[in-house]
Each structure stands twice: as C-alpha cells, then as structure tokens.
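Structure first, then comments.
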Amino acid sequence: HSFPTRRTSDLDVALSYLGRILVIGIIISFFFTFLLTYRTTIFEDWKMVLLLALIFTIEVGLAYLFTQKLELSEYLIPITVAAMVLTIMFDARIGFMGITSIILLVAILIGNNVEFMVTSMFTSSVGIFAVRQLRRRSQLFTAIFALVGSSALAIVSQGLFKGHPLPIMGYDMMNLGVVAVLSPIVTYGLIGILEVSFSITTNLDRKSGSAGMPRPISYA
C-alpha cells in the first residue's frame, strides 16, 4: 500500500530537482544574454569563457562547502572577491552582471536568503566601484576601508529592519568584516595567477590604457 506514496514522493523530488535546474539555467542565461548582446568578443576566446565558468563554479562550490558542509556563516562566502576579479580582468559591467548572477545562484543554494542577497549586492557594488579604474596594485588595499564600511552599514541597516539582537548583528559583522579585509588581498594574489594562466594583461601597474577597461580587447 505504501508503493504509490513512495512513487509520488520520488516524483516530487525529481520535479523539484528539475525546477532547480531550470531556475539555474534561467539565471545563467541572464548573464550570457548580456554577454551575447554587449560583449560578443568574449566568445572569440575560449580562455575568457573558461575563466568566467571557473569563477562561477568556484563561488557556488565554496558557498556549498561553507554553508552546507562546514555550516559556516553565509557571509564568509567570498562574493566580493569574484566581483573585483571580474571587474579587473574584464570590466565593471561584466563584473556587475556576473556577480548579480552569482549572488542569485548562491541565494537559491542557501535557501532564498533575501538578506544575504541585499548585503552581497551592496558590498559587491562597492568593491566594483573601488577597483573599476584600478591602475596600481596598492589601490586594491584602499578598497578594504570601503568594504569594511559598507559591510557594517549593510549589517546594521538590515539588523535594525529585521529586529536582530546585537549579538547576531555583531556575529554577522565580524564574518563580513573578515571577508572585507581579506578580499582585496586575495584578489591581489588571484589577479597575478590569472594573468599568467589565461594570458591576460590587465592595466595594473601600467601608465597607459583605457580607464575601467582592464583588458586590451575592445568591448564597444
């Protein structure tokens, strides 16, 4: 007598996974539609597509590891690192659209956490703004102050709005503060590795070049 119930349960699970796959596909298509419309030259170089796919995969993978396996705070996910890397390696528009897609994917993974989405979008936007016209590697570290300030503002604002007690706000602020301090440092290391690995030349430490367009390829 339990067979039909089990069969129905299996069907529900299968449909749930199908729904997740479709939603993920929609979010990814959102980003790639932007690329096909405004940045078609990226698809002429398979290394650029591979780099984008790698950044997406690593961010979602770390989100799963931190929140599902290690049960750490979602604010320890290095979202701002991806935002700054995308901006430096490509440009600010790709950085913004890419990190928006990543945040949506991660938010779905951790249970449609709107508070995480709002906070991550705000801090990522600050990170993108801080490095959008990067010329010297030392400028990466000036982003620390902007990220720490924006992190504190986001946590306090949403904490007051949601009515979170001070200990919870303090815990969230501590986790987000750690990421804010480490993100520019990690980004600094990653840029050097990615420049060599993917044969990309950024405008860091260069006196010439177009502001906000780190790569020599034109994206007009």
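Summary table
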{"item": "Subset of segment 97-119 [among the small types (G, A, S) and over 15 Å from S73 (Cα atoms)]", "result": "G98, S101"}
{"item": "Output for segment 111-133, where each listed residue is open to solvent by 40 Å² or more (accessible area, probe 1.4 Å), of a type outside the set (D, E, K, R) and farther than 17 Å from K162 by Cβ", "result": "S125, F129, Q133"}
{"item": "Subset of segment 77-92 that is among the aliphatic types (A, V, I, L, M) and touching a Ser or Thr at 6+ places or on another chain (Cβ under 7 Å) - its residue that is surrounded by the most Cβ atoms within 10 Å (Cβ to Cβ)", "result": "A83"}
{"item": "Only listed residue being in contact with a Pro (Cβ under 9 Å, 6 or more places away or on another chain), outside any helix (DSSP H, G or I) and at pLDDT below 95, chosen from I200, I144", "result": "I200"}
{"item": "Counted residues, segment 134-145 - those being more than 15 Å from I79 (Cα to Cα) and open to solvent by less than 60 Å² (accessible area, probe 1.4 Å)", "result": "5"}
{"item": "Extreme residue, surrounded by the fewest Cβ atoms within 10 Å (Cβ to Cβ), among residues of segment 27-57 that are more than 16 Å from I200 (Cβ to Cβ) and of a type in the set (A, V, I, L, M)", "result": "L36"}
{"item": "Search result, residues across segment 153-188 that are under 26 Å from I88 (Cα atoms) and open to solvent by less than 30 Å² (accessible area, probe 1.4 Å)", "result": "A154, N175, L176, G177, V179, A180, S183, P184, T187"}
{"item": "Number of positions in segment 159-180 that are touching a residue at least 12 places away in the same chain (Cβ under 8 Å) and not small (G, A, S)", "result": "9"}
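The values are calculated or read from the model by the stated rules, or taken from the named source; none is laboratory data. Here the structure is a predicted model, which means the values were calculated and not measured. Counting neighbours? That spans all protein chains shown, and the Cβs are built from the backbone with ideal geometry, glycine included. Heads up: the accessible areas ignore ligands, DNA and RNA and are worked out on the full protein's heavy atoms, side chains in. Shrake-Rupley method; radii C 1.70, N 1.55, O 1.52, S 1.80 Å.
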